1. What does the charge count around Asp58 come to, taking other residues whose C-beta lies under 12 Å from its C-beta (Lys +1, Arg +1, Asp -1, Glu -1)?
2. Determine the sum of side-chain charges near Gly155: Lys and Arg each +1, Asp and Glu each -1, restricted to other residues whose C-beta is under 11 angstrom from that of Gly155.
3. What full-extension length gain, to one decimal in nm, is calculated for Asn118 and Phe92 as 0.36 nm per residue of separation minus the Cα-Cα distance?
4. Amide H of Gln42: which non-local residues (sequence gap of 5 or more, or other chain) have their own amide H closer than 5 Å, using H built in the peptide plane?
5. Kindly list the residues of segment 76-99 that lie in the label zone of Thr126, defined by a backbone N under 17 Å from the point 7 Å along the Cα-to-C-beta vector.
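Please treat every number below as a calculation from the coordinates, not as lab data. Just so we're clear, the structure is a prediction, and the values are computed from it rather than from any experiment. Counting neighbours? That spans all protein chains shown, and the Cβs are built from the backbone with ideal geometry, glycine included.
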Amino acid sequence: MRKIALIAGIVLAIGAGSAQAADLPRGPVTKAPVMAPLPTWQGIYWGIHGGWGWGDADRTIALFDPMFGLFPPAGAASNDIDGGIFGGHVGFNWQASPNWLFGLEASLAWSGVDGTANSPVAAGFTISSDLEWLATVTPRLGWTSNNWLFYVKGGLAGGRLETVSTLGPGGPVFTGENSMLGWTAGVGLEWMWSPNWIFGIEYNYYDLGSENIGGAYAPGGAPAGQTVDVKFSSVLARLSYKY
């Protein structure tokens with residue numbers, strides 16, 4: 001009798017388990033979707049940039065006499081300068097947290113930023129300024145939100161300035177080139193539209209400092225000394241590839 005009761009209990013347990021299994025949903029078992037990782041800005045990048053620059057080159061001019069030395073300044077002239085800028089950049093970003101980024105960038109660009117002004121020395125005497133190239137080395141501090149980056153930057157800026165003095169239709173009476181070194185600061189916004197490609201727009205302000213230019217000649221053959229101070233701004237579009 002005990003054997004019959006035991007066998008009956010086993011049969012009932014098996015039947016209950018089969019009934020519960022029949023109530024379970026049929027079909028393939030699916031896993032929960034895996035969340036895509038947040039985009040990272042960290043790594044080496046390089047690219048090209050181009051845009052427009054505008055500002056001024058302020059000059060103070062003084063005649064010079066070989067016997068008596070430098071005369072008081074003859075006057076001041078300011079060149080409104082503007083033109084295109086096109087070049088390349090390379091840098092590295094370190095993403096310190098999901099939102100904060102530190103970086104270092106170097107750039108070198110051809111510059112068409114130039115302008116001409118009337119000299120205060122004499123009527124018909126003009127002075128032109130031509131910034132031939134522009135280079136920068138700037139640390140960057142940025143705040144990221146997924147595939148967007150807002151950053152500020154600042155550091156060293158340098159360039160090569162050509163000065164041409166002309167008297168009337170007679171052509172240049174003086175041409176000189178001087179290297180200039182100063183500083184720059186700017187802000188930018190970038191959009192990572194794929195894991196490797198980044199598009200951005202950037203505003204920069206440059207102060208290339210003051211440079212003494214000797215050897216210029218005023219009408220009548222009198223030597224003249226010049227001090228030039230170059231300040232300008234730029235708006236640049238950027239396209240970068242990140243490794």
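1. Values: positive: Arg59, Lys231; negative: Asp56, Asp80, Asp207, Glu211, Asp229.
Overall, the nearby charge balance is -3.
2. Details: positive: Arg140, Lys153; negative: Glu105.
Every neighbour counted, the sum reads +1.
3. Working: separation 26, 0.36 × 26 = 9.36 nm, distance 4.45 nm.
Value of the extension gain: 4.9 nm.
4. Placed amide hydrogens put Gln95 under 5 Å from Gln42.
5. 77-83
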